[in-house]
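Okay, so here's the structure we're looking at.
The values are calculated or read from the model by the stated rules, or taken from the named source; none is laboratory data. Note that the coordinates shown come from a computational prediction; the quantities given were computed from them, not determined experimentally. Please note: Cβ atoms are built from the backbone with ideal geometry, for glycine as well, and neighbour counts cover all protein chains shown. For accessibility, only protein heavy atoms count, side chains too; no ligands or nucleic acids. Shrake-Rupley method; radii C 1.70, N 1.55, O 1.52, S 1.80 Å.
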Amino acid sequence: AQSVTQLGSHVSVSEGALVLLRCNYSSSVPPYLFWYVQYPNQGLQLLLKYTSAATLVKGINGFEAEFKKSETSFHLTKPSAHMSDAAEYFCAVSEGGYSTLTFGKGTMLLVSP
Amino acid sequence: DAGVIQSPRHEVTEMGQEVTLRCKPISGHNSLFWYRQTMMRGLELLIYFNNNVPIDDSGMPEDRFSAKMPNASFSTLKIQPSEPRDSAVYFCASTLKGLLLDTQYFGPGTRLTVL
């Protein structure tokens, strides 16, 4: 069965600092991996997705994630945080692309001036 | 495009009452998903439809929950009777091609409170 673990329910950074949100997955077949962002009182929006092509995936708003099979990880990074990045971020997995998405519990990103 | 539309945005009801949540997917999208989000359990898939047909309803918690998609532009999620533990934010999402890897476009959600 597929599953996702997001380490840290809350991450705090200063504006301009590196953002690192951690995601580890479990999948019995090659996974497809996604990061979604949820702003307050809104639905989720896709940031980026990995579908077995390049292991380094670039998304919107300057975010990127790297698929590391040996570590079963798909961590999300951004070199320099902006105040507007404050939101909740969800990692999700689909086994081989043939199953519906399983989401992690989410990580709330807090950005201070 | 208007995006996925959900109504109502907020619903407060008393235990035992029937609740109906509504969703209008993006025009032309072939798949529709209903999710429930709570602090304890996170985001859970309840059911999804492809071309108006329910494909996987294994996430529906119990018989009190039912979902329909009578046409390509409308879906409902009904809870009867409602219970306090049903309090959550319910999201509807749709995808263009009906593939599970397609980007899911989420509505703003309905915040349900059952007293």
What figure in square angstrom, to the nearest 10, would you give for the accessible area of B:VAL12 with a 1.4 Å probe?
100 Å²
Provide Rg and Dmax in Å for segment B:24-115, with only Cα atoms included in the calculation.
12.8, 39
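Averaged per residue, what accessible area in Å² does segment A:3-86 show with a 1.4 Å probe, protein chains only?
Details: 4210 Å² over 84 residues.
Heavy-atom accessible area per residue stands at 50 Å².
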Convert each backbone phi in segment A:59-74 into a coupling constant with the Karplus relation 6.51 cos²θ - 1.76 cosθ + 1.60 (shift: θ = phi - 60°), then list the ³J(HN,Hα) values in order as whole Hz, x for Gly and Pro.
x, 7, 6, x, 7, 8, 9, 10, 7, 10, 5, 5, 9, 6, 10, 8
Decide, for the protein assembly as shown, between rounded, prolate and oblate: order the square roots of the alpha carbon gyration tensor eigenvalues as a ≥ b ≥ c, take rounded if a/c falls under 1.5, and otherwise choose prolate if a/b is larger than b/c, else oblate.
prolate
Loop only by DSSP, 11 or fewer other Cβ within 10 Å of the Cβ. Give me the GluC sites (Glu not before Pro) in segment B:14-115 that pass, ordered by residue number.
B:GLU14, B:GLU18, B:GLU62
Hey, rough spin-label estimate for A:GLU66 and B:ASP56, points 7 angstrom out along Cα→Cβ, what's it come to in nanometres?
3.1 nm
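Could you compute how much accessible area chains B and A hide from each other, both sides summed, with a 1.4 Å probe? Nearest 100 Å² is fine. Display every interim value, and only then the final one.
Numbers: alone 6430 and 6020 Å², together 10960 Å².
Looking at B and A, the buried total is near 1500 Å².
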If each of A:SER12 and B:SER87 carries a label point 7 Å out from its Cα toward its Cβ, how far apart are those two points in nm?
2.8 nm
Heavy atoms of the protein only, probe of 1.4 Å, neighbouring chains included. What is the accessible area of B:ARG64 in Å², nearest 10?
30 Å²
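Under a 1.4 angstrom probe, counting protein chains only, how are B:MET69, B:MET39, B:MET15 ranked by accessible area, largest first?
Values: B:MET69 20, B:MET39 185, B:MET15 120 Å².
Per-residue accessible area, sorted high to low, gives B:MET39, B:MET15, B:MET69.
Based on Cβ point charges of +1 for Lys and Arg and -1 for Asp and Glu, what charge dipole magnitude is obtained for segment B:1-55 about its Cα centre, in debye rounded to the nearest 20?
It comes to approximately 120 debye.
Sort A:LEU109, B:LEU101 from largest to smallest accessible area, using a 1.4 Å probe on the heavy atoms of the protein chains.
Details: A:LEU109 0, B:LEU101 40 Å².
Descending accessible area places them as B:LEU101, A:LEU109.
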Karplus-derived 3J(HN,Hα) from phi for segment A:9-16 (6.51 cos²θ - 1.76 cosθ + 1.60, θ = phi - 60°), whole Hz, x at Gly and Pro, runs 6, 9, 10, 10, 9, 8, 4, x
Sketch the reach of a paramagnetic label on B:THR103 as a point 7 Å from Cα along Cα-to-Cβ, and name the residues of segment B:60-97 whose backbone nitrogen lies under 17 Å away.
B:93-97
Label-point separation, B:GLN17 to B:MET39 (7 Å along Cα→Cβ), nm:
2.3 nm
